[in-house]
Amino acid sequence: MELVKFKKDSSFLRIKASYLDESSVQLTAKEEEKKQRLAHAWALRLNNKYSTHQTIQILMREHSISRATAYRDYNWSMQIFGDLDATSLAAERQVLKEAFWNEYQLARKAGNGDLAVKALKEYRSLFNFDAEENQVDPNKIQAHEYHMKMPRWVYKKLDELFSDGVVDFNNMDVEDVDFREAANDNNEEQHEE
């Protein structure tokens, strides 16, 4: 898309303003006709799923306009309603999902089991189940650092336990107690070894 400097009262801005607030702008007959063509171009792309080239051809044929005018109308409709050519991969995948699901339903309704299975396999391939299940969550394997603030007597007790070597925290004779989260306070004493 290119940058275009519009005149203060261009047809494009007037048509766009009429979509935002119909009472704010009084369109001429030519602008109303162009507005209808813009809506038609958008509907051909969105509802009928025609390609850009097919949309241009239909606009030329049905509205008796030149190729240049058809391209201009197409570009204006994309600027006003949203550019369908710049959709993301996720949006394209969603359109395909809906299409395959519709094909599956139609094949099932018609009793065509083979076609239903094929449509369902294509539908399944868009989800990529295997890759999502085998993906590793980097947060789970990332090294974490924990700062524990305990009273001095606990540090002394831990020093005694560590003096023998390895400590098995799973088999210690301890009881669970209530706790509270400590705020990030740098002024508190920290145990230094």
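No lab work stands behind these numbers, since they all come straight from the coordinates. It should be emphasised that the depicted structure is a prediction, and the values quoted were computed from it without experimental measurement. We place every Cβ from the backbone using ideal geometry, glycine too, and count neighbours over all the protein chains shown.
List of remarks:
- Expressed as a fraction of 2.2 N^0.38 Å, the value expected for a compact globular protein of N residues, the C-alpha radius of gyration of the range 14-78 is 1.11.
- Highest mean first, the peptides 72-84, 39-51 sorted by other C-beta atoms within 10 Å per residue fall in the order 72-84, 39-51.
- Sequence ranges 12-19, 105-112, 160-167, ranked by mean other-Cβ count within 10 angstrom, highest first: 12-19, 105-112, 160-167
- The Cβ shell under 12 Å around Ile56 holds other residues with a net charge of +3, Lys and Arg each +1, Asp and Glu each -1.
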